[in-house]
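Coordinate-derived values only; no laboratory data. Since this is a predicted model, take the numbers as computed values, not measurements. Neighbour counts run over all protein chains shown; Cβ positions are idealised from the backbone, glycine included.
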Amino acid sequence: MTTAPTSIARTWRPSDRLNGVISVVVALFFAYIVIAIGAHEQATDQFTNALTKGAMYALIALGYTMVYGIIELINFAHGEIFMCGTIVYWWLLKTLNITGTITDPLALVGFLALAFVASMSVMGVVGVVIERLAYRRLRNAPRLAPLITAIGVSFILQNIVFVGISNSVVTVPRIIPNTRIGIGPIAISQINLFVIVLAIFIMIGLHLFVGRTRLGRAMRSTAIDREAAQLMGVDINTTIALTFFIGSALAGAAGVVQMVYPGGAATKFDLGFQAGLKSFTAAVLGGIGNTTGAALGGFVIGFIEVIADVYGFSNWSEAIVFGTLVIVLVFRPTGILGQRLGDRA
Amino acid sequence: MKYARMGAAMAVVAVLASACSSTSSSPAASAGAASAGASGGAGGAAIDVKVGIEFPMSGGEAPNGVPSANGVALALSQIQVPGFNITINQQDDAVNGQHNPQQGAKNMQTLVNDPQVLFVVGPYNSNVAAAEIPVGNAAGLAQCSPANTNPGLTKTWPSYDYKALRATNPDKNNYFRTATTDDLQGAAGADIAFNIAKAKTAYVADDVEAYGKGLADVFVTSFQKLGGTVVGRDSIPTSTTDFSSFVTKLKGLNPDYVFYGGVTTSGIGLFRNQMAQAGLQTIPMGGGDGIVDGAASVQSSFLQIAGDGAVNTYGTTAGPHSLASDATPSPTDLAAAYKAKYNTEPGAYTAASYACTQAFLQALKDVGPAAGGDLAKLREAIRAYLADPSHTYQSALGTFSFDAAGDTSQKIISYFQYDASTKDWKFLSQRDFVKNPF
């Protein structure tokens with residue numbers, strides 16, 4: 001009895017990769033044109049805004065998609081894990097008593113590294129703990145039970161922050177100086193550049209990990225067929241815990257990004273709800289269970305939002321995002337990069 | 001068995017006692033404490049009545065609701081009405097730290113169902129009022145808001161059908177307010193932009209909600225009437241936290257002024273914060289009373305969230321700040337009493353809440369004795385008294401009256417600017433739109 005095929009398991013062929021890269025470049029070019037028509041001289045800035053937003057959604061969407069791929073659970077608490085990542089960062093700033101930009105590049109790099117390591121490891125552990133306490137027992141239960149549990153966990157996390165930290169907006173000082181770096185004729189804020197490069201780096205790293213390492217192979221096989229993987233000697237519990245660790249660590253990284261980039265630097269106990277909703281949409285849009293799809297979906301949504309803002313449809317942006325999701329699902333029920341559902345012998 | 005019979009006997013006595021007292025609808029359980037002295041009047045025991053308070057009190061809304069609620073409590077502690085023992089029934093319409101119209105309607109129903117509640121002060125937000133007015137209207141419970149400014153609640157306006165809100169009892173107005181309306185506040189915003197900030201171009205945004213959008217729309221028409229140009233107009237959903245695309249837009253448009261119609265919980269503080277991050281804090285920004293919610297030291301106020309962006313900001317409130325000499329109590333006395341009781345400065349709408357309560361207390365003094373102890377009769381008498389446009393009230397805002405629609409006769413908007421030395425709003429001037437129409 002095969003479960004719905006997931007593309008974590010799909011093998012890449014060289015021609016696929018080339019086609020993929022070409023499509024992405026063409027799509028980006030087209031998106032730039034669309035933005036340029038609306039934004040004129042601000043086209044580059046808005047383009048970077050879209051990439052940055054998209055990168056953040058993508059990082060969160062990856063966690064959703066990985067967990068779904070391996071145990072077919074939509075972890076609604078994932079958005080809250082992202083929010084808790086922002087709180088870890090805020091706490092770090094407070095404890096180290098940092099109140100303004102860090103001008104010394106070495107100290108800045110050092111602090112950012114510390115922030116990422118701290119947030120990712122803490123949230124990774126939290127993710128594993130949640131899986132162990134809330135989801136493991138329900139692995140073979142009817143699908144609704146773990147879903148409701150996930151919603152419950154998300155409320156618990158929200159409330160812990162609401163009561164324990166703050167019941168309204170928490171702002172942080174921006175630590176990265178907002179200097180612009182010139183790349184040829186274009187000037188980009190170094191913060192945006194950092195976020196985009198980091199996100200791409202993480203995504204490629206994840207792709208390699210899942211595709212090339214033994215642990216990644218264990219994850220893929222567990223995703224395809226849990227019993228067969230167990231028979232082949234894969235430790236299911238460890239593999240699933242690892243998946244949660246990685247997914248939550250990515251959400252933690254997204255949390256640090258949220259607090260560092262110009263359009264963020266603030267958090268709130270219900271930040272995870274909105275971000276999680278959009279990222280979940282991104283994961284579904286790209287094909288749930290497919291990590292490349294999640295990244296793609298994240299960027300698509302980032303671009304849709306910025307294009308809507310550029311053209312003055314900002315109050316429709318949410319409707320447009322979810323409308324796009326509906327339309328894509330109508331024509332491709334498994335998402336853009338999802339495999340077609342078919343009968344497998 | 002013995003105890004059961006004793007209990008039964010006590011219950012019978014209690015029922016008889018409550019039946020003997022005048023047709024008061026207090027439940028049998030409180031019969032002992034209730035006015036056992038039959039035909040009311042000052043001679044008998046004081047009648048227990050309540051004032052309902054309906055504000056958003058928690059989370060990001062605390063700077064709005066708490067000072068307003070305190071204004072009511074302060075008024076009740078300072079002014080006594082003989083023959084009546086007035087307490088408070090407090091409700092909170094904030095859900096997860098944000099004002100919620102559905103919660104407001106529920107709270108209003110709770111207050112309506114409490115027979116001792118004769119009057120409600122609140123709410124703070126216009127969209128919450130739109131949910132509450134039908135409830136109060138059906139029950140004939142008078143309600144006074146110190147802060148609702150959307151014109152559609154009392155007159156013809158695109159946002160709400162004010163007649164539909166009162167459909168159950170169209171001839172019995174139960175909604176009053178001591179704040180004036182956004183058609184004036186938007187014009188005041190344009191006045192500040194054009195005449196004080198000397199701006200010729202403006203970028204206008206709103207938070208899509210009734211109050212914010214209405215205010216921004218009025219600003220646009222007023223600003224254009226003065227001769228300015230609106231170079232951009234956006235509606236930004238309240239859930240937005242990332243304003244980078246709008247900040248980038250501003251860099252391109254380079255307006256002389258940015259006007260935002262909305263409340264702080266919709267994200268305007270973050271918008272200004274991100275503008276400052278991009279170096280755009282040199283562009284002055286203005287808003288309505290939704291952003292005048294406390295000094296930079298007050299948690300979750302606009303100034304606090306805006307951080308470095310708090311400079312160059314303007315705000316207005318829908319009421320007088322510099323009060324006529326007939327303000328009772330005087331502003332200094334009110335501030336001193338408030339500080340003594342709550343250990344902090346009064347909020348922007350403390351005086352207006354105080355004034356709402358004074359109107360009620362005056363009504364109660366006038367109609368209270370005649371109603372006997374009949375709470376239902378009292379409720380209607382209070383409503384009728386307030387709905388009568390011939391009555392005037394001496395209040396913390398000066399002398400005013402309610403017109404037939406429930407609006408205050410005072411049409412004054414106060415102008416504020418951020419003062420970096422005190423990190424708080426500084427009063428600039430106020431404009432009386434009756435004497436100085438737009």
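A few points about this structure:
- Taking a ≥ b ≥ c as the square roots of the eigenvalues of the alpha carbon gyration tensor, the range A:85-183 is prolate, as a/c is not under 1.5 and a/b beats b/c.
- Antiparallel %, DSSP beta bridges [both residues in the protein assembly as shown], to 5: 40 percent
- Peptide packing for A:254-261, B:132-139 was compared via the average number of neighbouring C-beta atoms within 10 Å per residue; ordered from the highest value, the list is A:254-261, B:132-139.
- Here r is the Cβ-Cβ distance between B:Gln80 and B:Gln394 and R0 is 22 Å; the resulting FRET efficiency, rounded to 0.05, is 0.85.
- Taking every residue in B:90-101 and counting other chain Cβ atoms within 10 Å of its Cβ, the average works out to 2.
- The range A:242-345 shape via C-alpha gyration tensor axes, a/c threshold 1.5: oblate
- A simple spin-label model places pseudo-atoms 7 Å from Cα toward Cβ; at B:Ala340 and B:Gln102 they are separated by 4.5 nm.
- Positive-pole candidate from B:Ala306, B:Pro255, A:Ile236, dipole of the protein assembly as shown, charges at beta carbon: A:Ile236
- Report note on the peptides A:156-165, B:186-195, B:374-383, A:79-88: ranked by the mean count of other C-beta atoms within 10 Å, highest first, their order is A:79-88, B:186-195, B:374-383, A:156-165.
- R0 of 60 Å, Cβ-Cβ distance A:Arg137-B:Lys377: FRET efficiency to nearest 0.05: 0.45
- Charge dipole (chain B, unit charges on Cβ, about Cα centre) - positive-most of B:Ala381, B:Thr229, B:Gln109: B:Ala381
- Amide H within-cut-off set for B:Thr201, under 5 Å, with H built and near neighbours excluded: B:Thr229, B:Asp256, B:Tyr257
- Calculated FRET value between B:Ser409 and A:Asn159, using beta carbons and R₀ = 41 Å, to 0.05: 0.35
- With the simple spin-label model, which puts each label point 7 Å out from Cα in the Cβ direction, the A:Phe29 to B:Asn254 separation comes to 3.2 nm.
- Per-residue mean of foreign Cβ neighbours for A:302-315 is 4 (Cβ atoms of other chains, 10 Å radius).
- Average other protein chain Cβ within 10 Å of Cβ, residues B:231-244: 6
- Taking every DSSP bridge with both residues inside chain B, close to 35 percent are antiparallel.
- For a label point 7 Å along the Cα-to-beta-carbon line of A:Arg180, residues of the range B:244-273 with backbone N under 11 Å: B:251-252
- Span-like helix criteria (full DSSP H runs; alpha carbon extent of at least 20 Å along the helix axis; mean Kyte-Doolittle hydropathy of at least -0.5) are satisfied in chain A by A:14-39, A:43-71, A:78-95, A:105-130, A:144-164, A:190-212, A:236-260, A:271-286, A:291-310, A:317-331.
- The ranking of A:Arg214, A:Arg220 by Cβ neighbour count inside 10 Å, starting from the fewest, reads A:Arg214, A:Arg220.
- Cα gyration tensor, the range B:194-265 - rounded (a/c under 1.5), prolate or oblate: oblate
- Under 5 Å, built H, 5+ apart or other chain: amide partners of B:Arg233: B:Val204
- Distance from the alpha carbon centroid of the range B:252-281 to that of the range B:352-381 works out to 45 angstrom.
- Pairwise Cα separations in chain B fall into 20 Å bins from 0 onward with the following percentages, short to long: 26, 52, 17, 4, 0.
- Taking Cα centre as origin and charging only the Cβ of basic (Lys, Arg, +1) and acidic (Asp, Glu, -1) residues, the dipole magnitude of chain B rounds to 280 debye.
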